[in-house]
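Each remark here refers to the structure printed beneath this line.
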Amino acid sequence: MKIIKLDAIDSTNTYLRQLSLDEKLDDFTIVTAATQTSGKGQMGTKWISEKGKNLTFSVFKKVSCLENEEQFYISMATSLAIYNALKHFQIPKLAIKWPNDILSENQKICGILIENVIQNSKMTAAIIGIGLNVNQTDFDINLNASSLKEITGIHFDLDEVMFHIATQLKKYAALITERFLETLKLEYESLLFRKNKPSTFQNINGEFFMGFIQGVAEDGKLNVLLEDEIVAAYDLKEIKLMY
Ligand code: BTN
């Protein structure tokens, strides 16, 4: 696997996407940066990370066997890869918060931003961006964020952690290639934060309501059991889990 190491860049996702348009990239080409000047988070947010302390990297993954409406399987495979890599390092109380945040002890330690490369209306590759808080110990109190070091007291080697994530990513991506999609979905759902527990959500109008996370639909929407046995499917913009 080819790894491009940068000292500083606007965003590893943006850089890798442009590179993929400029030249033919090997599958699993990785771009990692010590710091990003415009790190991108989900839904137009910024990803802030202290220079040299964390992992901010992107992986180029060719996609040939997924229909456009099956894109969420890449998200599931990535979440599972990170979850299992972190389990190897004995990070406690891990969970996947839908759609793809990784929590430890109810705090966010990793975010994922997947951008699809579309050619002739068909997804041909995915840029999988991963921001993992590793050795940073200072966080904005409002963010409910933490890091591997803050949780375990251990200083981690960034290359070693990235290697384990990349290895797991290859394993889970192979499940997509082999079309073991149901296996992926079942494992992902089994690790979902607050699954089958009474939970409070906020809808797009700012109103709070109760529900039970049941799992995900194929298109990645979150299935929530509401009152009167109604199951509603929400996308990321429509619902926020309060925790
Ligand atoms: C989130 O909001 O939770 C997703 C954060 C994703 C951040 C990573 S850091 C590496 C890659 N490059 C970016 O600009 N964003 C992703």
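Results, tabulated for the structure shown:
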quantity: Strands (runs of 3 or more DSSP E) completely within segment 163-243 that count 2 or more residues being open to solvent by 60 Å² or more (accessible area, probe 1.4 Å) and within 23 Å of LEU103 (Cα to Cα); calculated: 208-216, 239-242
quantity: Those residues of segment 93-104 which are of a type in the set (A, V, I, L, M, F, W, C) and open to solvent by 20 Å² or more (accessible area, probe 1.4 Å), in sequence order; calculated: LEU94, TRP98
quantity: Residues that are near the ligand (Cβ under 8 Å from one of its atoms), assigned to a helix (DSSP H, G or I) and either without any contact (Cβ under 8 Å) to a residue 60 or more places away in the chain or outside the structural domain of ASN135 (by TED's automatic domain parsing) (or both), drawn from segment 2-49; calculated: THR14
quantity: Single residue of GLN71, GLN107, GLN90, GLN119 found to be open to solvent by 50 Å² or more (accessible area, probe 1.4 Å), within 15 Å of the ligand (Cβ to nearest atom) and polar (S, T, N, Q); calculated: GLN107
quantity: Qualifying residue in segment 110-128 (condition: aliphatic (A, V, I, L, M) and over 17 Å from ILE74 (Cβ atoms)); calculated: no
quantity: Candidates GLY153, GLY215 - the one that is within 18 Å of the chain's Cα centre (by Cα), small (Gly, Ala, Ser) and on the phi > 0 side of the Ramachandran plot; calculated: GLY215
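For every residue, the table says whether it meets (1) within 19 Å of LEU225 (Cα to Cα); (2) in contact (Cβ under 8 Å) with a residue 40 or more places away in the chain; (3) hydrophobic (A, V, I, L, M, F, W, C).
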| residue | (1), (2), (3) |
| --- | --- |
| ALA174 | no, no, yes |
| ARG194 | yes, yes, no |
| PRO198 | yes, no, no |
| GLN202 | yes, yes, no |
| MET210 | yes, no, yes |
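The values are calculated or read from the model by the stated rules, or taken from the named source; none is laboratory data. Not measured: the values here are computed from a predicted model. Because the Cβ atoms are built from the backbone with ideal geometry, glycine has one as well, and the counts that use them run over all protein chains shown. Each accessible area value is taken on the protein alone, full model and side chains, heavy atoms only, with ligands, DNA and RNA left out. Shrake-Rupley method; radii C 1.70, N 1.55, O 1.52, S 1.80 Å.
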